[in-house]
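J.: This is the structure, below, for whatever I ask next.
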Amino acid sequence: MRYDKIEIISNNLSLANLSTHIKITHCDHIDDVLKLTRNKVHLGAKLISHPLAGSVKPHETPYRSIVILNQQQGLDMESLNTIEQAIERYQILCKPNPKHIRLTASEIHRQYPEKQNSDFQFIDLQLVKSSLSALGIRFADYQAAVV
């Protein structure tokens with residue numbers, strides 16, 4: 001697997017130094033993560049991680065990271081359907097609190113206690129590492145900096 005084809009799209013700043021070999025694109029909030037991922041899928045990227053991965057409900061965590069493979073080999077319909085369904089699911093689940101999907105880092109820090117924020121970042125990181133591990137990439141010594 002060529003590392004230069006893998007990209008992580010995330011609003012979790014603790015992933016910033018995950019790897020010097022993998023492109024990490026930071027977004028301001030979950031809505032941007034989902035929409036940028038969808039745009040990249042339209043350009044030929046394939047989803048490696050599921051946009052709704054993990055046991056934490058989408059409307060309960062302020063972080064989302066998605067791993068994609070930038071392959072530019074045409075539109076992957078399975079990836080497109082998955083990201084479109086994830087966007088719809090987020091919209092439904094966040095309907096009672098529509099601002100949740102657009103929380104910025106500073107708003108997240110104001111809304112959640114430090115320990116809870118740290119836990120959300122850690123869970124998101126573990127989901128990313130699990131997706132990368134499935135590709136044969138290991139980050140055993142990596143410790144995320146909580147930001």
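The values are calculated or read from the model by the stated rules, or taken from the named source; none is laboratory data. Everything numeric in this text was worked out from a predicted model, so none of it was measured. All Cβ positions, even for glycine, are placed from backbone atoms using ideal geometry, and neighbour counts span all protein chains on display.
J.: For segment 32-40, does any single residue satisfy the condition of being modelled with pLDDT under 95, touching an Asp or Glu at 6+ places or on another chain (Cβ under 8 Å) and farther than 16 Å from Lys5 by Cα? Explain how you work it out, then say what you get.
T.: Residues of segment 32-40 that are modelled with pLDDT under 95, as a first pass: none.
Scanning segment 32-40 turns up no residue that is modelled with pLDDT under 95, touching an Asp or Glu at 6+ places or on another chain (Cβ under 8 Å) and farther than 16 Å from Lys5 by Cα.
J.: Could you list, ordered by first residue, the pairs with Cβ atoms under 7 Å in which the first is in segment 110-136 and on the phi > 0 side of the Ramachandran plot and the second is part of a loop (DSSP other than H, G, I, E, B), at least 6 apart or interchain?
T.: Taking only residues 6 or more apart or on different chains, the pairs are Gly136/Met1.
J.: Condition check: under 25 Å from Phe122 (Cβ atoms), surrounded by fewer than 20 Cβ atoms within 10 Å (Cβ to Cβ) and among the aliphatic types (A, V, I, L, M). Does Ile66 satisfy that?
T.: Details: under 25 Å from Phe122 (Cβ atoms): yes; surrounded by fewer than 20 Cβ atoms within 10 Å (Cβ to Cβ): no; among the aliphatic types (A, V, I, L, M): yes.
Judged against the criteria, Ile66 is not a match.
J.: Tell me, please, whether a residue that is over 19 Å from Ser14 (Cβ atoms), at pLDDT 95 or above and out of contact with any strand residue (DSSP E or B) (no Cβ under 7 Å at 6 or more places or on another chain) can be found in segment 112-123. Write out each step before concluding.
T.: Of segment 112-123, the ones over 19 Å from Ser14 (Cβ atoms) are none.
Scanning segment 112-123 turns up no residue that is over 19 Å from Ser14 (Cβ atoms), at pLDDT 95 or above and out of contact with any strand residue (DSSP E or B) (no Cβ under 7 Å at 6 or more places or on another chain).
J.: Among the residues of segment 38-63, which ones are farther than 20 Å from Leu103 by Cα and surrounded by 17 or more Cβ atoms within 10 Å (Cβ to Cβ)?
T.: Lys40, Val41, Ala45, Lys46, Leu47, Ile48, Ser49
J.: In segment 52-89, what residues are within 27 Å of Glu114 (Cβ to Cβ), touching a Pro at 6+ places or on another chain (Cβ under 8 Å) and modelled with pLDDT of 95 or more?
T.: Arg64, Ile66
J.: Within segment 1-23, how many residues are surrounded by fewer than 20 Cβ atoms within 10 Å (Cβ to Cβ), farther than 12 Å from Leu69 by Cβ and either at pLDDT 90 or above or small (Gly, Ala, Ser) (or both)? Steps first, answer last, please.
T.: Step one: list which residues in segment 1-23 are surrounded by fewer than 20 Cβ atoms within 10 Å (Cβ to Cβ), which gives 1-5, 13, 16-17, 19-23.
Now narrow it down to the ones that are farther than 12 Å from Leu69 by Cβ: 13, 16-17, 19-21.
Retained after the next criterion (residues that are either at pLDDT 90 or above or small (Gly, Ala, Ser) (or both)): 13, 16, 19.
Qualifying residue count for the region: 3.
J.: If you don't mind, there's one more thing I want to ask. Which residues, counting only those in segment 87-108, are among the small types (Gly, Ala, Ser) and in contact (Cβ under 8 Å) with a residue 12 or more places away in the chain?
T.: To start, the set of residues in segment 87-108 that are among the small types (Gly, Ala, Ser) comprises 105-106.
Matches in segment 87-108: Ala105 only.
J.: Let me ask something additional. Could you check Ser118 against (1) closer than 17 Å to Glu7 by Cα; (2) small (Gly, Ala, Ser); (3) surrounded by 15 or more Cβ atoms within 10 Å (Cβ to Cβ) and say which number it fails?
T.: Of (1) closer than 17 Å to Glu7 by Cα; (2) small (Gly, Ala, Ser); (3) surrounded by 15 or more Cβ atoms within 10 Å (Cβ to Cβ), only one is false for Ser118: (1).
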